[in-house]
């Protein structure tokens, strides 16, 4: 459209602060996820990573600061409005509907893309049936992409843990997102499952052109996947940059291991970088 600015799929978090009853969970945090990149958000337990994800997806409200995606401010939007912009997330704890089949769980991810209303679908009108068939075909493609296609007819709750984690990723992909928020996608997996999930995430970025923000404790996975890393500690950003540089940052080493493990660490009186 003439005269209308076209915004990229850049996610820009600026001076984000979240307080709960006097407790500061995030304190002026900022970072940028470039379009088509993988950005990792890491830090010790209690650093504020999940709080940040919950703000980005509309579950929590920011006390102050800004989150802009593709030029749209997200901090004032409800979760369904953020999802409609093309932001999908997975959860640290599996959030599938256990009694629905894997296929029907993936169809839930197509909800925002479905035009048929409840009445039209219930009456099985011809155009509603055609739309349902199109969505189910797409669901099968996505299931094959993440390697869960042979489980589509099984109730989600009966599937092995690693398959359920990939199914949750598939449900997020079924939303056709532009930005994917992955909250500890390999938590609780064994080595083989972790490698498989890492491969699927890498393919999602390469083949689908997604921007991905990932929270993960598996530093091997972070080093393999991430273009850039932001490190939080006690709600503050203490480091940001390429994975190799961040991994060597003394502030990051202290945050994860404690000052006693770093003989060169300054005393607490010298302050944090």
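Data for the structure
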{"read-out": "Helices (runs of 4 or more DSSP H) (entirely within the range 121-231) containing at least 1 residues that are in the same structural domain as residue 47 (by TED's automatic domain parsing) and over 14 Å from the mean Cα position of the chain (by Cα)", "value": "191-208, 219-225"}
{"read-out": "Residue, surrounded by the most Cβ atoms within 10 Å (Cβ to Cβ), within the range 118-145, restricted to residues that are modelled with pLDDT under 70 and in contact with a helix residue (DSSP H, G or I) (Cβ under 8 Å, 6 or more places away or on another chain)", "value": "128"}
{"read-out": "Positions within the range 11-23 being surrounded by 10 or more Cβ atoms within 10 Å (Cβ to Cβ) and modelled with pLDDT under 95, in sequence order", "value": "20"}
{"read-out": "From the options 46, 22, 71, residue that is without any contact (Cβ under 8 Å) to a residue 60 or more places away in the chain and on the phi > 0 side of the Ramachandran plot", "value": "22"}
{"read-out": "Lone qualifier among 105, 93 - being outside any strand (DSSP E or B) and crowded, with 18+ Cβ neighbours inside 10 Å", "value": "105"}
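Here is a yes/no grid of residues against (1) surrounded by fewer than 15 Cβ atoms within 10 Å (Cβ to Cβ); (2) modelled with pLDDT of 90 or more; (3) in contact with a strand residue (DSSP E or B) (Cβ under 8 Å, 6 or more places away or on another chain):
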residue	(1), (2), (3)
184	no, yes, yes
189	no, yes, no
194	no, yes, no
199	yes, yes, no
215	no, yes, yes
222	no, yes, yes
229	no, yes, yes
265	no, no, no
269	yes, no, no
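The values are calculated or read from the model by the stated rules, or taken from the named source; none is laboratory data. The model shown is predicted, which means the values in this text are computed figures rather than measured ones. FYI the Cβ positions are ideal-geometry reconstructions off the backbone, even for glycines, and counts take in every protein chain you see.
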